[in-house]
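K.L.:
So that we are looking at the same thing, I have put the structure below in structure tokens.
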Amino acid sequence: MAAKITSVDENSPAAHARLQAGETLIQIDGVAIRDVLDYKFYSYDERLTLQILGQDGATIREVRIKKQAGEPLGLNFEHYLMDKMKQCSNKCVFCFIDQLPKGMRRTLYIKDDDARMSFLMGNYITLTNLSEADVDRMIRMRISPVNISVQTTNPDLRVKMLQHRRAGESLKIMDRFAEGGITMNCQLVICKGLNDGDELRRSLHDLKKLYPAVKTISVVPFGQTRHREGLYPLEATDKEGARAIIDIVEPFAQQCVEELGTHLVWCGDELYLKAERPLPDTDYYEEFTQFENGIGMLPLFMEEFRLALPDYVGRSARPFTVATGAAAAPSLSVLLDEADARCDNLNGKVVQIRNDFFGERVSVAGLITGQDLIAQLKGRALGERVLISANMLRDGGDVFLDDYTPAQVSKAIGVPIVPVEIDGADLLAKIFED
């Protein structure tokens, strides 16, 4: 489908060719441009011929462009995908969105399952809504890597977990991707009594057969909120369950190291915290491919903090509070104790925020809401500022999940809110900020 141009980047090839907002891109080198994948793929070459529909909606002209191979054209469109986003057609028994309370902003309830978002933004897809044409196109374009929510390689069990009739047969797409040279990063969300135990072992062995096309596998626990009325009965992963998962994954990963030269599979940080076991060293995580999925995030954060700490020895800091979730609070307390021992006057503390909004079983910092911060920090001695993880806020840093703004929270608790990137060095920089 044609896409209307909303703006043109300054000094870009498109700007030099005098393309303008309000015009419409129809074709590149004779190929109809349907979406962002077509646009990026067919605009790669050095010499291009574009078919453009004028602002009047009637005049069609050809525009020839010469640029560097791989250099972006510089066109922007009304929608990033240049097409409608593919919605999820599954009803996964563990779906987090189904566990959201009513009344939140509409965008939080959108369930995407779009292969283009997997390639461009790192989102996970289930493969259930891909047509034969979609698969052929992805292989032809070498759309790679693709992040896949596998959950289980047992076809019947996958149908049960995803509540989609194609969930089992769609696993065969992974074989086609492997044959086509597509790299895959896979995710297994573990639900107690469903895909743990022997089913987890089966999934790991099946995915290993697809190496090196399957580059990484993450194993993470099902996240349970208190809003599960009418949903499939699931139990949250407890300490013993987390230990059982780790005891399956780690020996398998060691076997992969010996046979393949890579661990291939990693457990999420949350599982180690739930199991009350030490987090692995950063070397264990190799390239941190699934960092955004909570794989090695906390160990890397702690290492970054410790590596940056010598730069602050002997310095003092204005009084502060670090507000975080139950999962990270003990580790952050350890880091502050280490800093306090080497600095002149650290004058800070960690406050663990209980997640009343989603339920106490939700312990990660990224799901803390503005109203929980207000309820648990208001009236307390907080120092001169409260440091929070930046991932509590929407991209752009302007609002919490419950639509409270940092300014509203700051006003209610009486001190500024200071977002900190997921980087231990940035935490130190914000602690010692003048």
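K.L.:
Being among the polar types (S, T, N, Q) and over 20 Å from Leu162 (Cβ atoms) is the requirement here; does Thr237 meet it? Full working, then the answer.
P.N.:
Values: among the polar types (S, T, N, Q): yes; over 20 Å from Leu162 (Cβ atoms): no.
In short, no.
K.L.:
Next question. Of all residues in region 140-169 being of a type in the set (Gly, Ala, Ser) and closer than 20 Å to Gly122 by Cβ, which is nearest to the chain's Cα centre (by Cα)? Even if it seems obvious, please write down each step before you answer.
P.N.:
Of all residues in region 140-169, those of a type in the set (Gly, Ala, Ser) come to 144, 149, 167-168.
Imposing the further condition that a residue be closer than 20 Å to Gly122 by Cβ reduces the set to 144, 149.
Numbers: Ser144: 17, Ser149: 12 Å.
Per the criteria, the residue is Ser149.
K.L.:
Given the criteria over 22 Å from Thr216 (Cβ atoms) and surrounded by 15 or more Cβ atoms within 10 Å (Cβ to Cβ), does Leu127 qualify? Talk me through it step by step, then tell me what you get.
P.N.:
On the way: over 22 Å from Thr216 (Cβ atoms): no; surrounded by 15 or more Cβ atoms within 10 Å (Cβ to Cβ): yes.
Against the criterion (over 22 Å from Thr216 (Cβ atoms) and surrounded by 15 or more Cβ atoms within 10 Å (Cβ to Cβ)), Leu127 does not qualify.
K.L.:
Filter region 235-245 for residues that are within 25 Å of the chain's Cα centre (by Cα), over 18 Å from Val364 (Cβ atoms) and modelled with pLDDT of 95 or more and give the result.
P.N.:
If the condition is that a residue be within 25 Å of the chain's Cα centre (by Cα), over 18 Å from Val364 (Cβ atoms) and modelled with pLDDT of 95 or more, then Arg243 is the only one that fits.
K.L.:
Follow-up question, since we're still on this one. Would region 111-125 turn up any residue that is under 19 Å from Arg228 (Cα atoms) and under 15 Å from the mean Cα position of the chain (by Cα)? Steps first, answer last, please.
P.N.:
The first filter runs over region 111-125 and keeps only residues under 19 Å from Arg228 (Cα atoms), leaving 111.
Filter once more, keeping what is under 15 Å from the mean Cα position of the chain (by Cα): 111.
So far as region 111-125 goes, yes, one or more of its residues are under 19 Å from Arg228 (Cα atoms) and under 15 Å from the mean Cα position of the chain (by Cα).
K.L.:
Answer yes or no: is there a residue in region 408-416 that is under 30 Å from Ile295 (Cβ atoms), open to solvent by less than 20 Å² (accessible area, probe 1.4 Å) and either hydroxyl-bearing (Ser, Thr, Tyr) or part of a helix (DSSP H, G or I) (or both). Outline the logic, then answer.
P.N.:
Filtering region 408-416 for residues under 30 Å from Ile295 (Cβ atoms) gives 409.
Adding the requirement that they be open to solvent by less than 20 Å² (accessible area, probe 1.4 Å) leaves 409.
Next, only the ones that are either hydroxyl-bearing (Ser, Thr, Tyr) or part of a helix (DSSP H, G or I) (or both) stay: 409.
Yes, because at least one residue in region 408-416 is under 30 Å from Ile295 (Cβ atoms), open to solvent by less than 20 Å² (accessible area, probe 1.4 Å) and either hydroxyl-bearing (Ser, Thr, Tyr) or part of a helix (DSSP H, G or I) (or both).
K.L.:
Right, here's the next one. From Ala308, Ala365, grab the single residue that is open to solvent by less than 40 Å² (accessible area, probe 1.4 Å) and either of a type in the set (Val, Ile, Thr) or in contact with a strand residue (DSSP E or B) (Cβ under 8 Å, 6 or more places away or on another chain) (or both). Quick ask: steps written out before the conclusion?
P.N.:
Values: Ala308 fails: either of a type in the set (Val, Ile, Thr) or in contact with a strand residue (DSSP E or B) (Cβ under 8 Å, 6 or more places away or on another chain) (or both).
Going through Ala308, Ala365 in turn, just one is open to solvent by less than 40 Å² (accessible area, probe 1.4 Å) and either of a type in the set (Val, Ile, Thr) or in contact with a strand residue (DSSP E or B) (Cβ under 8 Å, 6 or more places away or on another chain) (or both): Ala365.
K.L.:
Can you tell me which of Leu73, Leu50 is within 30 Å of Ile139 (Cα to Cα), modelled with pLDDT of 95 or more, in contact with an Asp or Glu (Cβ under 8 Å, 6 or more places away or on another chain) and open to solvent by less than 60 Å² (accessible area, probe 1.4 Å)? Before the answer, list the steps.
P.N.:
Numbers: Leu73 fails: in contact with an Asp or Glu (Cβ under 8 Å, 6 or more places away or on another chain).
The unique qualifying residue is Leu50.
K.L.:
So, one more: Every residue in region 311-320 that is surrounded by 21 or more Cβ atoms within 10 Å (Cβ to Cβ) and either at pLDDT below 95 or not aromatic (Phe, Trp, Tyr) (or both), please. Let's see the steps before the verdict.
P.N.:
In the first step, residues of region 311-320 are kept if they are surrounded by 21 or more Cβ atoms within 10 Å (Cβ to Cβ); the result is 317, 320.
Of everything in region 311-320, just one residue is surrounded by 21 or more Cβ atoms within 10 Å (Cβ to Cβ) and either at pLDDT below 95 or not aromatic (Phe, Trp, Tyr) (or both), namely Ala317.
K.L.:
Given the criterion modelled with pLDDT of 95 or more, open to solvent by 10 Å² or more (accessible area, probe 1.4 Å) and in contact with a Leu (Cβ under 8 Å, 6 or more places away or on another chain), identify the matching residue among Val214, Val220. Give the steps one after another, and end with the answer.
P.N.:
Working: Val214 fails: open to solvent by 10 Å² or more (accessible area, probe 1.4 Å).
One residue alone meets the criteria, Val220.
K.L.:
Is there a residue being in contact (Cβ under 8 Å) with a residue 40 or more places away in the chain, crowded, with 19+ Cβ neighbours inside 10 Å and not in a loop (DSSP other than H, G, I, E, B) anywhere in region 104-112?
P.N.:
Of region 104-112, the ones in contact (Cβ under 8 Å) with a residue 40 or more places away in the chain are 104-105, 108.
The next check asks that each one be crowded, with 19+ Cβ neighbours inside 10 Å; those that pass are none.
Scanning region 104-112, I find no residue that is in contact (Cβ under 8 Å) with a residue 40 or more places away in the chain, crowded, with 19+ Cβ neighbours inside 10 Å and not in a loop (DSSP other than H, G, I, E, B), so the answer is no.
K.L.:
Give region 291-308 a look and list any residue that's outside any helix (DSSP H, G or I) and modelled with pLDDT under 95, or say none.
P.N.:
The answer is Gly294, and nothing else.
K.L.:
Given the structure, is Gly193 more than 23 Å from the chain's Cα centre (by Cα), over 29 Å from Ile248 (Cβ atoms) and not β-branched (Val, Ile, Thr)? Explain how you work it out, then say what you get.
P.N.:
Working: more than 23 Å from the chain's Cα centre (by Cα): yes; over 29 Å from Ile248 (Cβ atoms): no; not β-branched (Val, Ile, Thr): yes.
The answer is no for Gly193.
K.L.:
Continuing with the same structure: Could you look through region 270-298, keep only residues that are touching a strand residue (DSSP E or B) at 6+ places or on another chain (Cβ under 9 Å) and acidic (Asp, Glu), and pick out the one that is surrounded by the fewest Cβ atoms within 10 Å (Cβ to Cβ)?
P.N.:
Top of the filtered list is Glu287.
K.L.:
Which residue pairs have Cβ atoms closer than 7 Å, lie 6 or more positions apart in sequence or on different chains, and pair a first residue in region 376-395 that is free of Cβ contacts under 8 Å to residues at least 40 places away in the same chain with a second residue that is of a type in the set (A, V, I, L, M, F, W, C) and part of a helix (DSSP H, G or I)?
P.N.:
What qualifies is Lys378/Ala412; Lys378/Ile413; Asn391/Ala365; Met392/Ala365.
The values are calculated or read from the model by the stated rules, or taken from the named source; none is laboratory data. Just so it is clear, the model here is predicted, and its values are computed rather than measured. Reconstructed Cβ throughout: ideal geometry from the backbone, glycine too, with neighbour counts over all protein chains shown. Only protein heavy atoms, including side chains, enter the accessible area calculation; ligands, DNA and RNA are left aside. Shrake-Rupley method; radii C 1.70, N 1.55, O 1.52, S 1.80 Å.
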